[in-house]
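Contents: one structure, followed by commentary.
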Amino acid sequence: MATTFEVTVYRPKAESSLVADDMQAAYAEVVEIDRLMSLYRSDSELVALNTRSGEGLLAVSPRVLEVLRAADHYARLSQGAFDVTVQPLVGLWGFYHVERASVPQQSEIDAVLRRVGHERMSLDVRNGAVELKAGVGLDLGGIAKGYAVDRALEVLRARGVTAALVNLGGNIGVLGHAPGGRPWVVGIQHPRENRLIGQIRFWRGAVATSGDYDRYFEVDDKRYSHILDPRTGKPVEGIYALTVIAPNATAADALSTAAFVLGPVNGMELLQSCEGVDGFAVEPLGNNTPQNQHLAVSITPSAIAKGHATKDRTVVFLEADPAVALLGPRTIKNGARSRRCIWPINHSP
Ligand code: AMP
Ligand code: MG
């Protein structure tokens with residue numbers, strides 16, 4: 001897994017000798033998940049599954065089953081915008097080796113799209129098995145990091161850690177409270193420059209961002225980035241980044257990818273329909289109505305007015321930036337949040 005892993009553990013001073021082992025245990029869990037779900041190692045369970053599509057029910061390990069159940073849930077919730085069966089499409093576009101990527105022919109896209117669709121994967125939960133229709137391949141790149149964060153936090157919790165932050169390639173989850181009665185603080189990357197554009201202060205749960213700057217290639221000044229729209233078979237355009245704050249890291253990861261595919265307006269609408277979920281989109285200027293440009297967005301406008309994070313409220317501080325427009329959570333509508341969107345992550349898979 002080519003990504004960054006960062007874990008911060010807080011323990012009372014008397015227990016400080018345990019912290020090194022805490023970190024080792026959290027790391028071991030992440031390594032295990034990578035060993036199961038990576039497409040970059042030929043011995044992973046996921047690669048084995050993909051090579052056996054069309055062979056009927058295939059037994060999977062508990063962690064893989066749990067991620068596939070969550071993935072199936074988020075696919076339905078997003079009406080297929082989030083879809084782990086995009087693997088052949090990601091391969092066609094060359095995003096597994098982006099330095100060699102090129103734009104495929106429309107006929108190739110059409111052919112590969114026939115193998116894509118979350119309904120082409122079916123789960124047999126009782127028997128711990130999955131069936132992939134012939135030609136189907138899975139890519140868990142849009143959800144597995146978040147799951148690994150949830151699992152690493154669970155390992156820490158089981159070891160008696162009461163406060164921790166885990167960051168796996170920008171998928172961030174927390175356990176307990178930050179010391180000193182302060183919120184957890186994470187930075188938000190500028191989509192086009194190597195600097196932060198703001199920060200999120202939150203008290204619990206997880207944060208994830210999907211962006212068009214993670215993995216991409218350019219042809220004739222046009223950017224093709226790694227998140228694909230399963231409806232068109234092409235890279236999503238018209239959005240730079242989408243950040244989600246959710247109760248767990250699996251949800252934040254899947255929902256940020258899903259909402260990114262749906263685009264700023266529909267994506268935010270999905271997030272707003274979900275209890276306990278917030279987010280914001282960063283998009284090219286001119287995309288949206290003028291009032292959405294150059295906004296400093298706050299998840300809780302009353303709190304940003306006071307200039308600090310009120311206890312238990314998530315606050316997003318974003319600089320006005322001449323290059324981007326921001327679409328915040330309350331700029332579309334104040335619809336009632338009724339839906340339960342969060343797939344619960346089991347404590348022991
Ligand atoms: P993320 O950075 O979490 O948004 O995940 C992006 C990664 O998920 C890509 O690099 C692909 O491996 C995979 N992916 C691309 N498009 C989709 C999609 N529509 N649904 C689910 N996963 C996707
Ligand atoms: Mg994701």
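Some notes on this structure:
- Under the Debye formula (equal points on every Cα, no solvent term), log10 I(q)/I(0) of the chain at q = 0.06, 0.11 Å⁻¹: -0.21, -0.73
- Sequence of Tyr213, Tyr40 from largest to smallest accessible area, 1.4 Å probe: Tyr40, Tyr213
- Karplus 3J(HN,Hα) series, Hz, for segment 265-273 with 6.51 cos²θ - 1.76 cosθ + 1.60 (x for Gly, Pro): 6, 5, x, 5, 5, 4, 4, 5, 7
- Accessible surface, per residue, of the chain when the full set of protein chains is kept, probe 1.4 Å, Å²: 45
- Residue-averaged 222 nm ellipticity for the chain, from DSSP H runs of 4+ at -39500 (n - 2.57), nearest 500: -9000 deg cm²/dmol
- 18 Å cut-off, amide nitrogen to a point 7 angstrom out along Leu18 Cα→Cβ, residues in segment 164-184: 164-166, 175-179
- Stretchable slack from Gln199 to Thr162, in nm (0.36 nm times residue separation minus alpha-carbon distance): 10.9 nm
- Between amide H atoms placed 1.01 Å from N, distances below 5 Å from His190 occur with Arg195, Leu196, Ile197, all of them 5 or more places distant or on a separate chain.
- Sulfur and carbon atoms: percent of accessible area, segment 1-149 [1.4 Å]: 49
- Accessible surface of segment 177-258 [probe 1.4 Å, protein heavy atoms]: carbon and sulfur percent: 44
- FRET efficiency for the Tyr96 to Asp43 pair, using the beta carbon distance and R₀ = 22 Å, is estimated at 0.85.
- Summary of the geometry: segment 21-56 and segment 68-142, compared by the centres of their Cα atoms, lie 17 Å apart.
- Tensor-based shape of segment 1-126 (alpha-carbon gyration tensor, a/c under 1.5 rounded, otherwise prolate or oblate): prolate
The values are calculated or read from the model by the stated rules, or taken from the named source; none is laboratory data. Note that this is a predicted model, so its numbers are computed, not measured. Cβ: placed from backbone, ideal geometry, glycine included. Neighbour counts: every protein chain shown. Only protein heavy atoms, including side chains, enter the accessible area calculation; ligands, DNA and RNA are left aside. Shrake-Rupley method; radii C 1.70, N 1.55, O 1.52, S 1.80 Å.
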